[in-house]
1. Of the residues ARG72, ARG38, which single one is basic (Lys, Arg) and more than 24 Å from LEU180 (Cα to Cα)?
2. Output the residues belonging to the stretch 104-123 that are under 21 Å from LYS31 (Cα atoms) and either in contact with a helix residue (DSSP H, G or I) (Cβ under 6 Å, 6 or more places away or on another chain) or modelled with pLDDT under 95 (or both).
3. Residues that are in a loop (DSSP other than H, G, I, E, B), under 16 Å from the mean Cα position of the chain (by Cα), aliphatic (A, V, I, L, M) and over 17 Å from LYS5 (Cβ atoms): does the stretch 44-60 have at least one?
4. Can you tell me which residues in the stretch 94-128 are surrounded by fewer than 19 Cβ atoms within 10 Å (Cβ to Cβ) and of a type in the set (Asp, Glu)?
5. How do the strands (runs of 3 or more DSSP E) wholly within the stretch 73-181 filter down when requiring 3 or more residues that are closer than 22 Å to MET43 by Cβ: which remain?
6. Can you find, within the stretch 1-51, the residue that is surrounded by the most Cβ atoms within 10 Å (Cβ to Cβ) among those that are touching an Asp or Glu at 6+ places or on another chain (Cβ under 8 Å) and small (Gly, Ala, Ser)?
7. Quick check on my filter: what residues within the stretch 139-150 are within 24 Å of VAL37 (Cβ to Cβ) and surrounded by fewer than 21 Cβ atoms within 10 Å (Cβ to Cβ)?
Amino acid sequence: MLLDKDKAIVAVIDVQARLLSGVHEHETLVKNCSWLVRLAGLMDVPVIGSEQYPDGLGHTEESLRELVGPDRIYGKTFFACIDDPDFEQAFQAHGRKQVVLCGMESQACVLQSTLRLLEKGMEVYVVADAVSARNPFDTEVALRRMEQAGARIVTREMVGFEWLRRSDAAEFKAFSKEFLR
């Protein structure tokens, strides 16, 4: 089952600046989440974000927050983003069935978001090189559990090539120059 840019939405889960220093390879996480958000912009795929209890834990890392757009990031107290009514309403407004997930933490908010989205009948694609946790073992186990539950585990380049589908696509030159170097 290939990703389809016309059916997809990207969800950036809880990449909050105040929490990043304790997350494994957090600089790579932010870089890869930003890469996906920029790719979504190139391919005209909507992006939505979440923040776990932003009043206490602060906001999304600033450069990523600007890329997503502060007005498209929703605060939540549920671990599963889709269980928050504001996030769910904004998510459902796009009418997309394929969800590309990135963010943190793998074993908590990413895992629970994945499981709840699957329960709601969504096709969930978890970007393995754009999720992380404090402990890398938690990410490893969470990815296995998500896959066992029916999520598709992908990499960011897989997402790009599947959205493009062909080398003569209008966006391929920009993808090749801006995303593969």
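1. Among ARG72, ARG38, only ARG72 is basic (Lys, Arg) and more than 24 Å from LEU180 (Cα to Cα).
2. SER106, GLN107, LEU111
3. For the stretch 44-60, residues in a loop (DSSP other than H, G, I, E, B), under 16 Å from the mean Cα position of the chain (by Cα), aliphatic (A, V, I, L, M) and over 17 Å from LYS5 (Cβ atoms): absent.
4. Selection gives GLU119 alone.
5. Working: elements: 73-76, 98-104, 123-132, 152-154.
Because the criterion is at least 3 residues that are closer than 22 Å to MET43 by Cβ, the strands (runs of 3 or more DSSP E) in the stretch 73-181 that meet it are 98-104, 123-132, 152-154.
6. Selected residue: SER50.
7. LEU143, GLU147
Conditions (1) among the aliphatic types (A, V, I, L, M); (2) under 30 Å from ALA174 (Cα atoms), marked per residue:
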{"position": "TRP35", "(1), (2)": "no, yes"}
{"position": "ALA40", "(1), (2)": "yes, yes"}
{"position": "ILE48", "(1), (2)": "yes, yes"}
{"position": "GLN52", "(1), (2)": "no, no"}
{"position": "SER63", "(1), (2)": "no, yes"}
{"position": "GLY69", "(1), (2)": "no, yes"}
{"position": "CYS109", "(1), (2)": "no, no"}
{"position": "GLN112", "(1), (2)": "no, no"}
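The values are calculated or read from the model by the stated rules, or taken from the named source; none is laboratory data. From a predicted model like this one, the values you see are computed outputs, not experimental measurements. All Cβ positions, even for glycine, are placed from backbone atoms using ideal geometry, and neighbour counts span all protein chains on display.
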